[in-house]
Amino acid sequence: MNTTAQVLQKRRKDILEKWMQNQLSDAGLRDDLMTNDELLRQSEEMLDALLRAIATGNFDDIYATEYETITDTLRDISITRARQGFSPRETAQYVLSLKKAVVEVLEQERSDDYITLYKESTSINTLLDNLSIVTFETFIKGREEVILRQTDEISEISTPVIRVWNGILALPIIGTLDSARTQVVMENLLQEIVNTGSNIAILDISGVPAVDSLVAQHLIKTVSATRLMGAECIISGIRAEIAQTIVHLGIDLSNIKTKATLASALQLAFSMTNVEVRRIDKNVGLRGTR
């Protein structure tokens, strides 16, 4: 009797056709992210690598040398699909649909030998289930990398340092201020102080939903770092509820200039730099020409 590897190699074309049918008939197929030709090429390479590994007689240890090409290919596929926007189900289905195709072929070949069919099906199921776990684990890691990168990008975008006047910077903070975010805030602010030679920085916390002792400590650290760079710091956006929270927590901000609004902080910054901003009444000029 032919071995499992020999049977599967003989029916390679049928397995590939069934596998492609399973994938293409899946309602969740993302043909907007991958063409059918790309899927066929990817599936052919994967199937050939699997048949070579099975030919060694190893159905148990997917971390053996003969399975390196397969696991590397699956990891590459999973990472790519994670970045392309595939769902975990869609990625896992790639291997599970192959399992279905292989078992169907074995059922046709071993229709008169149920004992052999059971043994071979069990081995194949275990093997491909283990490979699907590799696919799923790698996909999750890929998604985590995407999420972390997007989080970093959002942090950069949500902490812009704005040059509002010569020598005056403003940094509106929106969202929760944690340790990682504080580091980004400080780095961006200090770098901009160096780049512009500014001597006043306004931290506006109007967009911070709540201030607890940890957030207050982060603000104090940012102010201290700014002062070490030779610049003065003003905190604006101190709402009534935030002021009450700071008092109840016993946090001392007496040595830090604070204002209720960004406009008030900007006026203070102007006075500190001896800048006077006056409203011009154009009507006065017009009356003087008559």
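What the table shows:
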{"item": "Residues that are surrounded by 15 or more Cβ atoms within 10 Å (Cβ to Cβ), of a type outside the set (Val, Ile, Thr) and assigned to a helix (DSSP H, G or I), drawn from region 101-118", "result": "101, 104, 106, 109, 117"}
{"item": "Every residue from region 161-182 that is modelled with pLDDT under 80 and open to solvent by less than 90 Å² (accessible area, probe 1.4 Å)", "result": "175, 177, 178, 179, 180, 181, 182"}
{"item": "Matching entry among 91, 80, 4 (being within 25 Å of residue 147 (Cβ to Cβ) and open to solvent by less than 60 Å² (accessible area, probe 1.4 Å))", "result": "91"}
{"item": "Verdict on residue 143 being within 30 Å of residue 26 (Cα to Cα) and in contact with a Pro (Cβ under 9 Å, 6 or more places away or on another chain)", "result": "yes"}
{"item": "Qualifying helices (runs of 4 or more DSSP H) (wholly inside region 204-290; at least 2 residues being closer than 24 Å to residue 194 by Cα and open to solvent by less than 50 Å² (accessible area, probe 1.4 Å))", "result": "213-228, 262-272"}
{"item": "Residue pairs meeting the criteria (Cβ under 6 Å; at least 6 apart or on separate chains; first closer than 16 Å to residue 94 by Cα and free of Cβ contacts under 8 Å to residues at least 40 places away in the same chain, in region 45-56; second of a type in the set (Ser, Thr, Tyr) and open to solvent by 50 Å² or more (accessible area, probe 1.4 Å))", "result": "49/69"}
{"item": "Test: residue in region 46-68 that is open to solvent by 10 Å² or more (accessible area, probe 1.4 Å), aromatic (Phe, Trp, Tyr) and either over 15 Å from residue 130 (Cα atoms) or out of contact with any helix residue (DSSP H, G or I) (no Cβ under 6 Å at 6 or more places or on another chain) (or both)", "result": "yes"}
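The values are calculated or read from the model by the stated rules, or taken from the named source; none is laboratory data. Quick caveat, the model's predicted, so the values are computed rather than measured. Ideal geometry is used to build each Cβ from the backbone, glycine not excepted, and the neighbour counts take in all protein chains shown. Note: accessible area is taken over every heavy atom of the protein model, side chains too, but ligands, DNA and RNA are not part of it. Shrake-Rupley method; radii C 1.70, N 1.55, O 1.52, S 1.80 Å.
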